[in-house]
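Okay, structure first, notes after.
The values are calculated or read from the model by the stated rules, or taken from the named source; none is laboratory data. These numbers were taken from a predicted model, which means no experiment stands behind them. With ideal geometry, Cβ positions are generated from the backbone for all residues, glycine too; neighbour counts draw on all protein chains shown.
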Amino acid sequence: MSLEEQELAHLKSKIKRNPTPTEIQIVAAEWSEHCSYKSSKKHLKMLPMTGPLVISEKGYDSGVLDVGDGYVVTVHIESHNHPSAVEPYGGAATGVGGVIRDILSAGTRPIAIFDGLRFGNIQKDQQARWLFKNAVSGIADYGNCLGIPTIGGEVEFDDCYENYALVDVAAIGFGKKERLIKNHANVGDVVVLLGGSTGRDGIGGSQFASDSLETEDRSAVQIPDPFIEKLIIEAILEARDAKLIHAMKDLGGGGLSCAISETADTLSIGIELDVNTIHTREPGMHPNEIMTSESQERMLIITSKSKLKKLQDICKKFSIKCSMIGVVKSNKMMHVKKGKKTFANLPTEIVANAPLLDRPSKKPRYLEKIKSDEKIKTPSNLSSVLLKLIGCPNIASRHWVYGQYDHEVGIRTVTKPGRDASVLRLDNEKFLSAKIDGNPKHCYLDPREGAIGCFEEACRNVVCTGATPIGMVDHLQFGNPEDPEIFWTFLESLKGLTDYAKEFKIPCVGGKVSFYNETPKGPIKPTPLIGVLGLIEKKNPQQEKISENDVLIIIGNTKNELGGSEYYEYIHNFIGGKCPAVDFHSSKQNMQFVLDAIKKNLVKQAHDCSKGGLAIAISELCIWNDIGCNVSINEVPSEKMTDDRILFSESHSRYLLVLDQKNLKEIENLLRTSKIPFGIIGKFKGDQMVFEKNKSVIDLRVDKAQKTWMNSLREMILHA
Amino acid sequence: MKVGVIVFPGSNCDRDMFHVLTDVFNLKAQYFWHEKGLPKDLDAIVLPGGFSYGDRLRAGVIAAHSPVIKDVKKMAEKGTPVLGVCNGFQVLVESGLLPGVLLKNTSLNFMCQWTNLIVENNSTPFTNKLKLHQKIPIPIANGEGRYYVDESTLKQLKKKNQIVFRYEETVNGSLDKIAGVCNEDGNVVGMMPHPERATEPEINPIDHKPSSLIFESLIQKIGVKN
């Protein structure tokens, strides 16, 4: 690992001398794309990051939102794509570990994990199955051991991830506002490294993640130890309560190099450290290795000399190592010594601020050649099409996945995984709803509309639980940014997200950019992933079960925009057409209506219409509630198009509402007054799902659908 | 009336259990770190779930050698009610306070799901308010939860009424669908499912009352609420 030529020249001109080999390693780690965001930083500023609930403090690795009554929620998202593609178990597990420490470093207790997993085609690709199985095990073993529930996420398969894996992990924390760590340091304070030992694993991990995956560099993958992480969590929260922490930072990408330089730069201090004082896993480690090792389960803490003893006592109680590795200076230098010998001595401002790039961008040629979908023909048997979709890898139940995650520990999980969004109860009688969503199939056809769609979908999911969106996190995953066409797709997605966030006043409270996601066959499809948090004010969000004669309403327009739909791609094996676009006006109106209707207790259940379209959304309601439904396609407000398109279009801003007959009049009146397109499309009864238009178009038994939906993913993994 | 909640390095249901004991059932509870001895005036002891020592070597085996276990044994002998949940159950079998072992589930996976328990013995301090064969909807969350004993021990367990809970259906391959057992005296009970996750209506989608009876049984046994 090394610096690029022009970066080395830049460094030399700044420090006016030749850097030492250790200095080059430190700077190379910090200036990697992964740590410095050098390609994206200039552009990320466009996202709105403030709002009435946002609390920003110096040096936080996670976003903080005020949820009232003296409580805060923290949130962060990270990916561990490169490591997971090589060693899925360890890569996914350490992905969980890293994001949990970001939550911890603000001084909040982690209370939930979400995971977004993407792999190649598991139906034909054995390696994709292997990656999937092991990534799930890695997340399960790590999160379960910590006692932090993994309460939601998504799993998607697409040919563009062949030989590769996207493993995104988001985490949520909760705590008292007054206990947040207000990062600060005084000259003479001591710098402490706490937790696991520093070893030769994960060396150069951040640079490994900043390049295309051409060689399987396993030594760049970190080794997980959830037990130590659990001890660190408890020790740090105890130290927080005893007010022993002045400043804190997780050791993630770039290891000590980044943690030291970023902390010092943020707090405008200098740090002098002696690598001899660092507890290492093996003897004889060179300062270069120590400074760039990405060994897991380590935290950097700054405290005063007088508090050090108490901190060490807490660490002793939990049998975790705690080394005093350095002191805080006033000179704003990062000074690395081994005994008396200096190995690096650099201004922290230079290390922590990589020269930013202005990458060129150009509209990709492939977008000009997107195929028209005019020739797609309606299949003769739509019942079998629906059943096939119910069992398709991107739609079937994820029970096999979340059944391996302890999603109940912490006794906060009100709405369990597998529904629109998961809901946690907070200590102030409010509820937090959260969801992550991505859609590379849409984003490939239109990076801007696709990204907005992901954002709206996550909002819709949260809204269906009765929660008002209060913040978002984004994780932008693309191929090599040096390719102007890829960089264009990044910019388009970012612009789309920015427009939606501004219009809806949903602040971006955290995020991550991951470039160089390339497979042997080329770049992945643009894969922005959006996480949305919503807040429910003191109302139990548990939904009522559907019973006979309940009414089904759809609100929102169904449009002829099936590009990137599961129907086109899975049933017709067709990539093309126009991807769904969000109309901001309807989006806002429909969202507000659903929230109001839930607040007024007019609906039994609300469900979002997304992947697989209307037919899948209705099937899910029937499957979950073990009841049939008679649906009239004529009543669906839609553009003029064939039945299959109405049933499987993935148009946005649509919600299904289930209500008791007695509330129908009131809902109807409210919808008419607000001029929202809607249709009273069905009635729940019996044990068949029937979709009719003059005559029956689809007729499927619920128990048959249930069986397919429940078992198909597991069957594909275990018996393919 | 005071309940001790034992905390091992890696316990992770200790806070949930504490919340249920104190906030839901108004009991007085206190945490005890595994290195400490227990005061003699405890009225009951709970070993909560989690991953003590990261499940290293075998679930519960290292914790079973903690200093605190000596005191748990002494108090158990004197008849103090002791409840081990999930990893707490694993610690109790590993320390010899309860018979049997807990093996990896037949699925070879960690399993988190809601299931039904059937009460088989309603004379323990944790089941005296439940009806025999009463159904309890409750979540399980474990990787090593498959109960096993040899044939002669199983006969003994049946004879001495030591099987406290069975699963309604085969869940993880447990011998005879056993989900919880007690010692011969009946005061030490271990169970794999998590009653502390099922006593509040907000988080229990089915029915929180049966699980609540587990704690109400304890209150009945050790006396009035304070």
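Out of all the residues in the stretch B:60-86, which are within 11 Å of chain A (Cβ to nearest Cβ) and either among the charged types (D, E, K, R) or crowded, with 23+ Cβ neighbours inside 10 Å (or both)? So that I can check it myself, show each step before the final result.
Filtering the stretch B:60-86 for residues within 11 Å of chain A (Cβ to nearest Cβ) gives B:62, B:86.
Across the stretch B:60-86, the qualifying residue is only B:CYS86.
Just the residues that are touching a strand residue (DSSP E or B) at 6+ places or on another chain (Cβ under 7 Å), surrounded by fewer than 24 Cβ atoms within 10 Å (Cβ to Cβ) and more than 10 Å from chain B (Cβ to nearest Cβ), please, taken from the stretch A:407-426.
If the condition is that a residue be touching a strand residue (DSSP E or B) at 6+ places or on another chain (Cβ under 7 Å), surrounded by fewer than 24 Cβ atoms within 10 Å (Cβ to Cβ) and more than 10 Å from chain B (Cβ to nearest Cβ), then A:LEU426 is the only one that fits.
List pairs: first in the stretch B:8-33 and within 12 Å of chain A (Cβ to nearest Cβ), second of a type in the set (Phe, Trp, Tyr), Cβ under 6 Å, 6+ apart or cross-chain?
B:GLY10/A:PHE227; B:GLY10/B:PHE51; B:GLY10/B:TYR53
So, of the residues in the stretch A:365-406 that are within 14 Å of another protein chain (Cβ to nearest Cβ) and outside any loop (DSSP other than H, G, I, E, B), which turns out to be nearest to A:LYS695 (Cα to Cα)?
Within the stretch A:365-406, the first condition is being within 14 Å of another protein chain (Cβ to nearest Cβ), and the residues that meet it are A:397-406.
Of the ones still in play, those that are also outside any loop (DSSP other than H, G, I, E, B) are A:399-402.
Details: A:HIS399: 35, A:TRP400: 37, A:VAL401: 39, A:TYR402: 39 Å.
In this case the residue turns out to be A:HIS399.
Is the stretch A:645-655 home to any residue that is out of contact with any Ser or Thr (no Cβ under 6 Å at 6 or more places or on another chain), in a loop (DSSP other than H, G, I, E, B), closer than 20 Å to A:ARG460 by Cβ and at pLDDT 95 or above?
Within the stretch A:645-655, one or more residues are out of contact with any Ser or Thr (no Cβ under 6 Å at 6 or more places or on another chain), in a loop (DSSP other than H, G, I, E, B), closer than 20 Å to A:ARG460 by Cβ and at pLDDT 95 or above.
Would the stretch A:373-390 turn up any residue that is under 25 Å from A:GLU457 (Cα atoms) and either touching a Lys or Arg at 6+ places or on another chain (Cβ under 8 Å) or at pLDDT below 95 (or both)?
First pass over the stretch A:373-390, keeping only residues under 25 Å from A:GLU457 (Cα atoms): A:373, A:385-390.
Applying the additional criterion that residues be either touching a Lys or Arg at 6+ places or on another chain (Cβ under 8 Å) or at pLDDT below 95 (or both) yields A:373, A:387.
Checking the stretch A:373-390: at least one residue is under 25 Å from A:GLU457 (Cα atoms) and either touching a Lys or Arg at 6+ places or on another chain (Cβ under 8 Å) or at pLDDT below 95 (or both).
Need the failing condition index for B:TYR31 against (1) more than 17 Å from the chain's Cα centre (by Cα); (2) under 17 Å from A:LEU231 (Cβ atoms), just the number.
(1)
Please work out which residue is nearest to B:TYR147 (Cα to Cα), limiting yourself to the stretch B:174-205 and to residues that are away from chain A (no Cβ under 11 Å) and surrounded by fewer than 21 Cβ atoms within 10 Å (Cβ to Cβ).
B:LEU175
Of the conditions (1) away from chain A (no Cβ under 14 Å); (2) assigned to a helix (DSSP H, G or I), B:LEU97 satisfies every one except a single condition; which number is it?
With (1) away from chain A (no Cβ under 14 Å); (2) assigned to a helix (DSSP H, G or I) applied to B:LEU97, the lone miss is (2).
Among the residues of the stretch A:67-79, is any within 21 Å of A:LYS435 (Cβ to Cβ), modelled with pLDDT under 95 and under 19 Å from the mean Cα position of the chain (by Cα)?
Yes, the stretch A:67-79 contains a residue that is within 21 Å of A:LYS435 (Cβ to Cβ), modelled with pLDDT under 95 and under 19 Å from the mean Cα position of the chain (by Cα).
Kindly check whether there is at least one residue in the stretch B:37-46 that is within 14 Å of chain A (Cβ to nearest Cβ) and touching a residue at least 24 places away in the same chain (Cβ under 8 Å).
Here is the first cut: in the stretch B:37-46, the ones within 14 Å of chain A (Cβ to nearest Cβ) are none.
Within the stretch B:37-46 (the criterion being within 14 Å of chain A (Cβ to nearest Cβ) and touching a residue at least 24 places away in the same chain (Cβ under 8 Å)), the answer is no, since none of the residues qualifies.
Being outside any strand (DSSP E or B) and of a type in the set (Gly, Ala, Ser) is the filter here, so list the residues in the stretch A:426-458 that pass it. Full working, then the answer.
At the first step, the residues of the stretch A:426-458 found to be outside any strand (DSSP E or B) are A:426-430, A:439-458.
A:GLY450, A:ALA451, A:GLY453, A:ALA458 - these are the residues of the stretch A:426-458 that are outside any strand (DSSP E or B) and of a type in the set (Gly, Ala, Ser).
Would a scan of the stretch A:151-162 turn up a residue that is within 22 Å of B:ARG15 (Cβ to Cβ), touching a strand residue (DSSP E or B) at 6+ places or on another chain (Cβ under 9 Å), assigned to a strand (DSSP E or B) and within 14 Å of chain B (Cβ to nearest Cβ)? I'd like the intermediate steps shown before the answer.
Of all residues in the stretch A:151-162, those within 22 Å of B:ARG15 (Cβ to Cβ) come to A:151-152.
Going one step further and asking which of them are touching a strand residue (DSSP E or B) at 6+ places or on another chain (Cβ under 9 Å), we end up with A:151-152.
From what's left, assigned to a strand (DSSP E or B): A:151-152.
When the remaining residues are screened for being within 14 Å of chain B (Cβ to nearest Cβ), the result is A:151-152.
So far as the stretch A:151-162 goes, yes, one or more of its residues are within 22 Å of B:ARG15 (Cβ to Cβ), touching a strand residue (DSSP E or B) at 6+ places or on another chain (Cβ under 9 Å), assigned to a strand (DSSP E or B) and within 14 Å of chain B (Cβ to nearest Cβ).
I need every pair where a residue in the stretch A:313-328 that is farther than 23 Å from A:ALA264 by Cβ and within 14 Å of chain B (Cβ to nearest Cβ) has its Cβ under 9 Å from the Cβ of a residue that is of a type in the set (Gly, Ala, Ser) and surrounded by fewer than 17 Cβ atoms within 10 Å (Cβ to Cβ), sequence separation at least 6 or different chains.
A:ILE314/A:ALA242
Which residue is nearest to the other protein chains (Cβ to nearest Cβ), if the candidates are limited to the stretch A:121-150 and must be free of Cβ contacts under 8 Å to residues at least 60 places away in the same chain and touching a Ser or Thr at 6+ places or on another chain (Cβ under 9 Å)?
In this case the residue turns out to be A:ASN134.
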